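Participant: This structure is in structure tokens; I'll ask about it shortly.
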Amino acid sequence: MGMAVESACGEAVPFYVPVGQEVDIFGQAFGKRLPVLLKGPTGSGKTRFLEYMAHRIGIPLYTVACHEDLTVGDLVGRYLLKHNDTVWMDGPLTQAVRTGGICYLDEVVEARKDTVVVIHPLTDHRRLLPLERRGEVVEAHPDFCLVVSYNPGYQTILKDLKQSTKQRFVSIALDFPPPAVEQEILMHEGGVDAGTARRLVELGVKVRQLKHRGLDEGVSTRLLVYAAQLVASGLSLALAFRCAVVLPLTDDPLIQQGLEDLAQGMLGEEP
């Protein structure tokens, strides 16, 4: 069964530093009730960006982590037994459609194709969600917004969005933030000083340059934040880098050693 998590906008403003025109583009798309596709590498801030936009607009955010076992029922809802009665329970997509909010299908390319098809009537002028099991068609609330994301650099021949699906969305490309912005993020989210944040960012930039040269993915801002948090809690910078960056990125002992040698050369310390 698919897992859906509802996140309502709270009082605290989610920390997000814009790196381009993504805030304005999303605001204009929401105003015109256009669906949005976020394209970017893993850990580049897509989810945090939506948390920020949901708070800024003042609507709830429903996040669905897509996977190959995600069914239509997981998205739209299903009948359940309750006190010997059969009752209908809306899924996260239907909740957002009925009452308003952003429904975010994270890494939509991982979902089954028959599941993705259910969103098509929501991505054009109709803005409708057919609930076949109930014989009901739900018209989208004025504040409903459909957002999907995927990582173009990680797609395969078997796992890619069809052009017929891609062309239903306004697209926003997100990437890792510039070093100065990423340093600010590490200081705020990781609780480290400017010098430590700068050294971690410099390491991150070097590691990203190794993508496609032994590494499938560059180090995400998320992992750099984890490393910063470990440093703030008392670990050495080199050990935090090993635990939060090197080991999550690769299982290859030779590549691990190469990354640790790189860190030792830049930091002047061993884990």
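The values are calculated or read from the model by the stated rules, or taken from the named source; none is laboratory data. In this text the structure is predicted, and so the values were computed from the model without any measurement. Cβ: placed from backbone, ideal geometry, glycine included. Neighbour counts: every protein chain shown.
Participant: Which numbered condition trips up Ser220, out of (1) among the polar types (S, T, N, Q); (2) farther than 21 Å from Thr42 by Cβ; (3) crowded, with 20+ Cβ neighbours inside 10 Å?
Facilitator: (2)
Participant: Checking the condition farther than 21 Å from Ala263 by Cα and in contact with a Lys or Arg (Cβ under 9 Å, 6 or more places away or on another chain), which residue from Leu215, Leu174, Leu161 passes?
Facilitator: Going through Leu215, Leu174, Leu161 in turn, just one is farther than 21 Å from Ala263 by Cα and in contact with a Lys or Arg (Cβ under 9 Å, 6 or more places away or on another chain): Leu174.
Participant: Where residues in the stretch 58-83 are under 20 Å from the mean Cα position of the chain (by Cα) and part of a helix (DSSP H, G or I), which of them is farthest from Lys46 (Cα to Cα)?
Facilitator: Among residues in the stretch 58-83 that are under 20 Å from the mean Cα position of the chain (by Cα) and part of a helix (DSSP H, G or I), the one farthest from Lys46 (Cα to Cα) is Asp74.
Participant: Condition first: in a helix (DSSP H, G or I), closer than 22 Å to Glu68 by Cβ and more than 15 Å from the chain's Cα centre (by Cα). Now tell me which residues in the stretch 101-121 satisfy that.
Facilitator: Within the stretch 101-121, Lys113, Asp114, Thr115, Val116, Val117, Val118, Ile119, His120 qualify.
Participant: Here are the criteria: (1) among the basic types (Lys, Arg); (2) farther than 21 Å from Asp24 by Cα; (3) at pLDDT 90 or above. Tell me which single one Arg112 does not satisfy.
Facilitator: (3)
Participant: Something else now. From the list Leu254, Leu262, Leu249, which one is farther than 25 Å from Tyr150 by Cα and touching a helix residue (DSSP H, G or I) at 6+ places or on another chain (Cβ under 8 Å)?
Facilitator: Within the list Leu254, Leu262, Leu249, the selection yields Leu262.
Participant: Quick check on the stretch 254-261. Is at least one of its residues part of a helix (DSSP H, G or I), surrounded by 22 or more Cβ atoms within 10 Å (Cβ to Cβ) and not assigned by TED's automatic domain parsing to the domain that holds Val19?
Facilitator: yes
Participant: Could you check how many residues of the stretch 52-71 are surrounded by fewer than 22 Cβ atoms within 10 Å (Cβ to Cβ) and either within 21 Å of Phe176 (Cα to Cα) or not polar (S, T, N, Q) (or both)?
Facilitator: 10
Participant: Name, by its number, the condition in (1) at positive phi; (2) modelled with pLDDT under 95 that does not hold for Leu267.
Facilitator: With (1) at positive phi; (2) modelled with pLDDT under 95 applied to Leu267, the lone miss is (1).
Participant: A follow-up question, please. For the stretch 81-92, does any single residue satisfy the condition of being under 22 Å from Glu107 (Cβ atoms), surrounded by 15 or more Cβ atoms within 10 Å (Cβ to Cβ), modelled with pLDDT of 90 or more and not assigned by TED's automatic domain parsing to the domain that holds Val219?
Facilitator: yes
Participant: Next question. Identify all residues within the stretch 215-249 that are part of a helix (DSSP H, G or I) and either touching a strand residue (DSSP E or B) at 6+ places or on another chain (Cβ under 8 Å) or of a type in the set (Ser, Thr, Tyr) (or both); write none if there are none.
Facilitator: Thr221, Tyr226, Ser233, Leu249
Participant: Testing Thr47 on (1) surrounded by fewer than 22 Cβ atoms within 10 Å (Cβ to Cβ); (2) part of a strand (DSSP E or B), one condition comes back false. Which one is that?
Facilitator: (2)
Participant: Among the candidates Gly135, Gly100, Gly195, Gly191, single out the residue that is surrounded by fewer than 18 Cβ atoms within 10 Å (Cβ to Cβ), modelled with pLDDT of 95 or more, over 30 Å from Met266 (Cβ atoms) and not β-branched (Val, Ile, Thr).
Facilitator: Every option except Gly100 fails the conditions.
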